[in-house]
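Following: one structure in structure tokens, then a few remarks.
The values are calculated or read from the model by the stated rules, or taken from the named source; none is laboratory data. Every value quoted in this text rests on a predicted model; they were computed, and no experiment measured them. Cβ atoms come from the backbone with ideal geometry, glycine included; neighbour counts cover every protein chain shown. Keep in mind that these areas ignore ligands, DNA and RNA; they rest on the heavy atoms of the full protein, side chains included. Shrake-Rupley method; radii C 1.70, N 1.55, O 1.52, S 1.80 Å.
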Amino acid sequence: MKIHLLFKKEELDETKLDASKTVVVFDVLLATSTISACLSFGARAVIPVADEEEAHEIAKNLPIDEYCMAGEWNGLPIDGFSYPLPLALQEKVADKTLILRTTNGTVAIRKAAAARKVWIASLLNSPAVARKVYEEYEDETILITCAGSANQFCLEDFYGAGYFLSELIQLAGENAVQLTDSALGAKLFYDSQKDQNEIVLAQTQVGSAMLEMGVSEDLHFVSQKEKLEVAPYLSGHEVVCDPFVGVYNN
């Protein structure tokens, strides 16, 4: 099992993606955490969009009571969109399609679309995703893609990737896994900080900004490990999960 890690979405070369690659996307703060949470809250699907115009075009084709739009750009709210905090969306997404626009995570997901499969992972659901990746593995290369932020490395994604690797290695066995140096670095970093998840996230640039925004409850929520039994993946233009690995419980 060959595994490589990309430090930011800009390193993902779309021209080299094909059936020989599986991609696991991390945007711990916040898109992949929000997607995983919303599917566990009962959303039918999540559609990652490129911009507000695309979001409105998709919304035109859906009954008004069957979708919810959420998004941010450079951390700022978008007019007419809910802010994409998982707990703020909890009561809004059941039985609806979430149309989601974010600065980094949804961009990373769309960039990865040509891969054999694209999985959506976070601290909340890495064990569930690791199990599905292991079960469906067919000798392809696994590319763990950290979304990053504005072409910069984000520590929270690196930490999440290390957690995912720790779970996957437990399933496959150390002798069955071949890590590149970047993947090994994530695994070693996670191992050194495995019990410091919320502390690590709170010290990051995005985590600090969330605390300044007064959304510490959401930061605490997405810092939890193995909270959700969902393994979302990209199917066409939608992120879905197989019914129903698990549901969110307060």
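Per-structure values
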quantity: Rounded, prolate or oblate (a/c below 1.5 giving rounded, otherwise prolate when a/b exceeds b/c) for the range 159-250 by Cα gyration tensor; calculated: oblate
quantity: Built amide H within the under 5 Å cut-off of residue 68, gap 5+; calculated: 97, 98, 99
quantity: At q = 0.18, 0.19 Å⁻¹, base-10 log of I(q)/I(0) for the range 22-158 (Debye sum, equal scatterers on each alpha carbon); calculated: -1.01, -1.11
quantity: Sites residue 94 and residue 176 - FRET efficiency at Förster radius 41 Å, r taken between beta-carbons, to 0.05; calculated: 0.55
quantity: Backbone N under 19 Å from the residue 188 label point (7 Å along Cα→Cβ), restricted to the range 1-25; calculated: 3-8
quantity: Chymotrypsin sites (Phe, Trp or Tyr not before Pro) restricted to the range 144-177 and DSSP loop, no more than 13 other C-beta within 10 Å; calculated: 153
quantity: Ordering of 113-123, 188-198, 14-24 by burial proxy (mean other Cβ atoms within 10 Å per residue, highest first); calculated: 113-123, 14-24, 188-198
quantity: Extended-chain gain in nm, criterion 0.36 nm per residue less alpha-carbon gap, residue 212 and residue 150; calculated: 20.4 nm
quantity: Three-way shape call for the range 51-103 based on the alpha-carbon gyration tensor, with the a/c threshold at 1.5; calculated: oblate
quantity: Per-residue SASA entry for residue 242, accessible area with 1.4 Å probe, Å² rounded to 10; calculated: 50
quantity: Pairs of Cα atoms farther than 16 Å apart, the range 1-103, %; calculated: 60
quantity: Farthest positive-ward along the range 24-163 dipole, Cα basis, beta-carbon charges - from 69, 49, 118; calculated: 118
quantity: Most mobile listed residue (125, 74, 175) in the chain, GNM with C-alpha springs under 10 Å; calculated: 175
quantity: Simple label model, 7 Å out from Cα along Cβ direction - residue 65 to residue 44, nm; calculated: 1.3
quantity: Table column - 3J(HN,Hα) (Hz), the range 217-233, Karplus curve with 6.51, -1.76, 1.60, x for Gly and Pro; calculated: 5, 5, 4, 4, 4, 6, 7, 6, 9, 6, 8, 10, 9, 10, 10, x, 8
quantity: The range 92-146 - Debye-derived log10 I(q)/I(0), Cα point model, q = 0.24, 0.29 Å⁻¹; calculated: -1.15, -1.26
quantity: Computed [θ] at 222 nm, helices only, for the chain once each DSSP H run of length n ≥ 4 contributes -39500 (n - 2.57); calculated: -11000 deg cm²/dmol
quantity: Accessible surface, the chain, averaged per residue in Å² (probe 1.4 Å); calculated: 43
